[in-house]
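Colleague: There's a structure below that I have some questions on.
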Amino acid sequence: MRKPVSLITGANGEIGHGLIDYLRRQDFHDIVALDLNPIDPQMQRYCAATLTGDILDDFLMGRLVTEYEIHRIYHLAALLSTRAEYSPETAHRVNVEGTLKLIRLAHEQARWHGHSVQFLFPSSIAAYGLPNADTKTRAGRVREIDWNFPTTMYGCNKLYCEHLGRYYAQHYRQLAAESAPSGVDFRALRFPGLISAFTLPTGGTSDFAPEMVHAAAQGHPYKCFVCPEARIPFMAMPDGVKALILLAEAPAEKLTQRVYNVGSFSPTAAEFRTLVIKAFPQAEISFEPDPPRARIIDTWPADVDDTPARRDWGWQPDYDLPRAFNEYLVPNIVRYYKEQKARDEHRIHG
Ligand code: AKB
């Protein structure tokens, strides 16, 4: 009798670190962690199994079906917005074809063990596309159905996968002689820019905020690639993990939609810089906008309306901007780099 497990793809990424750190404290499913790179040794101890491989590898997908009884999938593997612009076709393969392979895995698993498989999908504010700064300002807090005109390959990928998941959840093989539910319980969040105290982002356009605070904590000068007035929604990583768990645990009958906004705080880059300087007075932070990347940020909303998430499954962020800095980011980042410096010195001097 195989034990039910939760599969986490992209487990070595920013959300993966936070999610495994949360799940290890819960007596829920065993964790199977999958990533293109070896799983962080610090996290391996919390996982029943760790796999290194590519979600595009059909042989690996076959192994997952035969070796595990998967009841929940957190599909975190993706190429983020900036990286995806340098390799749009690769991004499509990973972000779309990879997601379809995981949805089909969920479908096959559901047929095998007879239970629906929850598929938690991190969509993004990149699914929105506002045409210019004035419209962005007037639009204010956008709803899920507003401005779904993404201008990045990553945003197009995320929006399409939202529809793919909704198709499997609600319309799968609708013309079949004996139409039966797919067994895929797809649930998606449109995450804002997530900021972790313990990991640095790679390849995102919202990375300017975490990059700024991590550079300041290390005493490195930072040239911000967006304009001072650039404003998008952000969230402290613990709230990102909280939203995933709350959505996963929400009774199906409470959900009125498959895709939810979740919001927390929406500072301008200049406001964020002010808080970083307050925490690290010696920080050298300048603005040197990179026009193409700055233009992407201008297409993302200034803020999101997360009323449906609050109404349907009790979403409520724990961290506003001051608390995110004072209680999460600054104390943890300072400790993280102090411990890293001690590790480096120990490695050099023994
Ligand atoms: C990115 O910047 O690409 C991501 C996102 C906002 O989804 N962090």
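Colleague: Quick check on region 87-199: take the gyration tensor over C-alpha atoms, sort the square-rooted eigenvalues as a ≥ b ≥ c, and tell me if it's rounded (a/c under 1.5), prolate or oblate.
Modeller: Prolate is the answer for region 87-199, as a/c is 1.5 or above and a/b outweighs b/c.
Colleague: Net charge within 14 Å of I55 by Cβ-Cβ distance, Lys/Arg positive one each and Asp/Glu negative one each, not counting I55 itself?
Modeller: So the environment of I55 carries a net charge of -1.
Colleague: Next question. Give, as a single signed number, the net charge of other residues whose beta carbon lies under 12 Å from the beta carbon of S123, with Lys and Arg counted +1 and Asp and Glu -1.
Modeller: +3
Colleague: Pairs of Cα atoms under 8 Å, at least six residues apart: use those to get the relative contact order of the chain, whole percent.
Modeller: Averaging sequence separation for qualifying contacts and normalising by length gives 17 percent for the chain.
Colleague: Can you count the Lys pairs in the chain with C-alpha separation below 29 Å, eight or more apart or on different chains?
Modeller: Here the count comes out as 21.
Colleague: If you don't mind, there's one more thing I want to ask. I need the phi-derived Karplus couplings for region 193-201: 6.51 cos²θ - 1.76 cosθ + 1.60, θ = phi - 60°, integer Hz, Gly and Pro marked x.
Modeller: x, 9, 10, 10, 7, 10, 9, 9, x
Colleague: Given the options D57, D185, D312, which has the most mean-square fluctuation in a GNM of the chain, springs set between C-alpha atoms less than 10 angstrom apart?
Modeller: The residue that fluctuates most here is D57.
Colleague: Please compute, for the alpha-carbon atoms of region 217-326, the extent along each of the three principal axes and give them in descending order in Å.
Modeller: 50, 31, 17
Colleague: Let me ask another. Please report the antiparallel percentage of the DSSP beta bridges confined to the chain, to the nearest 5.
Modeller: 5 percent
Colleague: Additional query: Arrange T52, T82 by Cβ neighbour counts within 10 Å, fewest through most, would you?
Modeller: T52, T82
Colleague: Right, another one. Specify the inter-centroid distance of region 1-69 and region 78-147, based on alpha-carbon positions, in whole Å.
Modeller: 20 Å
Colleague: Under the rule a/c < 1.5 gives rounded, and otherwise a/b versus b/c splits prolate from oblate, where does region 1-89 land using the Cα gyration tensor?
Modeller: oblate
Colleague: Build a GNM of the chain with springs between Cα atoms under 10 Å: which of R141, R323, R72 gets the top mean-square fluctuation?
Modeller: In this elastic network of the chain, the residue with the biggest mean-square fluctuation among R141, R323, R72 is R323.
Colleague: Can you tell me how region 177-231 classifies by the Cα gyration tensor, rounded, prolate or oblate, using a/c under 1.5 as the rounded cut?
Modeller: Note, shape of region 177-231 comes out prolate.
Colleague: Sorted by mean Cβ packing within 10 Å, highest first, what order do the peptides 43-50, 225-232 take?
Modeller: 225-232, 43-50
Colleague: Using Cα centres only, tell me the gap between region 178-226 and region 290-350 in whole Å.
Modeller: If you average the Cα positions of each part, the centres end up 8 Å apart.
Colleague: Against the longest alpha carbon principal axis of the chain, how many degrees, from 0 to 90 and to the nearest 10, is the axis of helix 58-67 turned?
Modeller: Rounded to the nearest ten degrees, it is 70.
Colleague: Now a separate question. Cβ neighbours within 10 Å, averaged per peptide: list 325-332, 209-216, 105-112, 123-130 in order, most packed at the top.
Modeller: Highest-to-lowest ranking by the protection proxy: 123-130, 209-216, 105-112, 325-332.
Colleague: Over the chain, what number does the Rg to Rh ratio reach, with both radii from the alpha-carbon atoms and Rh per Kirkwood?
Modeller: Dividing the radius of gyration by the Kirkwood radius yields 0.97.
Colleague: Under a 10 Å cutoff between Cα atoms, tell me which one of K136, K278, K158 has the largest fluctuation in the Gaussian network model of the chain.
Modeller: K278
Colleague: Here is a follow-up. Work out the FRET efficiency for A252 and Y46 from their Cβ-Cβ distance, taking R0 = 25 Å, and round it to the nearest 0.05.
Modeller: 0.35
Colleague: So for the pair N148, E271, with labels modelled 7 Å out along Cα→Cβ, what separation do we get in nm?
Modeller: The two pseudo-label positions are separated by 2.8 nm.
None of the figures in this text is laboratory data; all of them are computed from the coordinates on show. In this text, all values refer to a predicted model and were calculated from it rather than measured experimentally. Quick reminder, even Gly has a Cβ in these numbers, built from the backbone with ideal geometry, and neighbours come from all protein chains shown.
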